[in-house]
Amino acid sequence: MLKKITILLEMIKFEHTVFALPFAFMGAFLAARGVPDMGTFAWIILAMVGARTCAMGFNRIVDREYDKLNPRTASRALPTQAINLSEAWLMVILAAGLFFFACYNLNQLTLMLSPFALGLTLFYSLTKRFTWLCHIVLGLALAFSPLGGWVAVNGSLHNYPYVLSLGVLFWVAGFDTIYACLDADFDAEIGLFSLPSRFGRKTAFRLAVLFHAVAFFLFILTGIFSRLSFPYYVGIVFTGGALFYQHIVVNPRNLSRIQLSFFTMNGLISLTLFVATWLSLVV
């Protein structure tokens, strides 16, 4: 059982929850203008873990036949049958139950928004079959993270800084476009849609730069609209450096360091913005 759980967590890359979770905390801290109560904080964590586990598990299930054909993903748990389909579905169902239960224990608006938020994350996994705007859809799904954190604390959308969610949207769309370059040739051959498979890696990288420039501007506006102080803008400087760095270490001709760009730099960005927001609110 422990081995199965370990394989399942590896299958969904559980550690990458760090991308969205800090933004949910950021929304919660902005709503509370400081640290929210620990009960709310705990339910937010459970809701985010449940949502991401459900979405990633669903993604692995619906993509399993494509993963089997792709040399980069052929060693994943479902193609190799290290995990069977029933076990994967069980994880998805339990994770969805955890998500809805956590939302129920927060407030009415959070529960009302939960089906739409989770449904959008599940829908993303299907968009690669019919549109190269799939990266935007993923960004829209993760843009619910700070909004969800805000609603979990306030129980309303009043005064929510929507520029924060827009920033998350373009940030995610940028790094997902870069990551999709790994499968550009396979996607084009098999008939899957992405910006790199449709327009080529060079154009995709240019679009990723544009997405990240827009995201950086929107993160600055978040600080202005939320009346954040000096520590937040120190975090903005680090965020700008991390965004710039990932476009230096990876280029259309050399994707060998894409793990550093996709995982390390973007995990650092989300954590940096959350910590900078926290410090700005408590200093």
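The values are calculated or read from the model by the stated rules, or taken from the named source; none is laboratory data. No experiment lies behind these values; they were computed from the predicted model shown. Note that we place each Cβ from the backbone using ideal geometry, even for glycine, and neighbour counts take in every protein chain shown.
Out of curiosity, is Gly97 within 23 Å of Leu169 (Cβ to Cβ), in a helix (DSSP H, G or I), within 22 Å of the chain's Cα centre (by Cα) and small (Gly, Ala, Ser)?
No, not satisfied.
So, in the stretch 162-176, of the ones that are surrounded by fewer than 23 Cβ atoms within 10 Å (Cβ to Cβ) and not aromatic (Phe, Trp, Tyr), which residue ends up nearest to the chain's Cα centre (by Cα)?
Result: Leu166.
To keep it simple, each residue is scored yes or no on (1) modelled with pLDDT of 95 or more; (2) among the hydrophobic types (A, V, I, L, M, F, W, C); (3) farther than 25 Å from Arg201 by Cα.
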position	(1), (2), (3)
Ser226	yes, no, yes
Tyr232	yes, no, yes
Ile236	yes, yes, yes
His247	no, no, no
Leu271	no, yes, yes
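Just checking, does the stretch 108-119 include any residue being part of a loop (DSSP other than H, G, I, E, B) and either free of Cβ contacts under 8 Å to residues at least 40 places away in the same chain or in contact with a Lys or Arg (Cβ under 6 Å, 6 or more places away or on another chain) (or both)?
no
Does the stretch 72-80 include one or more residues that are at pLDDT below 95, buried (at least 16 other Cβ atoms within 10 Å of the Cβ), among the polar types (S, T, N, Q) and not in a helix (DSSP H, G or I)?
Yes, the stretch 72-80 contains at least one residue that is at pLDDT below 95, buried (at least 16 other Cβ atoms within 10 Å of the Cβ), among the polar types (S, T, N, Q) and not in a helix (DSSP H, G or I).
Please determine, by comparing only the residues of the stretch 41-50 that are more than 11 Å from the chain's Cα centre (by Cα) and touching a residue at least 24 places away in the same chain (Cβ under 8 Å), which one is nearest to Phe29 (Cα to Cα).
Ile44
If you go through the stretch 222-241 one residue at a time, do you hit one that is among the hydroxyl-bearing types (Ser, Thr, Tyr), touching an Asp or Glu at 6+ places or on another chain (Cβ under 8 Å) and touching a residue at least 40 places away in the same chain (Cβ under 8 Å)?
No, the conditions are met nowhere in the stretch 222-241.
Can you give me the number of residues within the stretch 50-66 that are among the charged types (D, E, K, R) and either crowded, with 20+ Cβ neighbours inside 10 Å or farther than 18 Å from Gly191 by Cβ (or both)?
The qualifying residues number 3.
Hey, any hits in the stretch 19-36 for a residue that's free of Cβ contacts under 8 Å to residues at least 60 places away in the same chain and out of contact with any Lys or Arg (no Cβ under 8 Å at 6 or more places or on another chain)?
Checked the stretch 19-36: no residue is free of Cβ contacts under 8 Å to residues at least 60 places away in the same chain and out of contact with any Lys or Arg (no Cβ under 8 Å at 6 or more places or on another chain).
In the stretch 248-269, what residues are of a type in the set (D, E, K, R) and in contact with a helix residue (DSSP H, G or I) (Cβ under 6 Å, 6 or more places away or on another chain)?
Within the stretch 248-269, Arg257 is the sole residue that qualifies.
Take the residues of the stretch 232-241 that are surrounded by fewer than 18 Cβ atoms within 10 Å (Cβ to Cβ) and touching a helix residue (DSSP H, G or I) at 6+ places or on another chain (Cβ under 8 Å): which is farthest from Ala215 (Cα to Cα)?
Filtering first and then ranking leaves Val234.
Whether any residue in the stretch 189-197 is closer than 24 Å to Met26 by Cα and either among the polar types (S, T, N, Q) or under 18 Å from the mean Cα position of the chain (by Cα) (or both) is what I want to check.
Within the stretch 189-197, none of the residues are closer than 24 Å to Met26 by Cα and either among the polar types (S, T, N, Q) or under 18 Å from the mean Cα position of the chain (by Cα) (or both).
Any idea which of Leu85, Leu106, Leu69, Leu94 is of a type in the set (A, V, I, L, M), within 30 Å of Gly149 (Cα to Cα) and surrounded by fewer than 17 Cβ atoms within 10 Å (Cβ to Cβ)?
Among Leu85, Leu106, Leu69, Leu94, only Leu94 is of a type in the set (A, V, I, L, M), within 30 Å of Gly149 (Cα to Cα) and surrounded by fewer than 17 Cβ atoms within 10 Å (Cβ to Cβ).
Test Leu147 against the criterion of being closer than 27 Å to Phe274 by Cα, surrounded by fewer than 24 Cβ atoms within 10 Å (Cβ to Cβ) and modelled with pLDDT of 95 or more, and give yes or no.
yes
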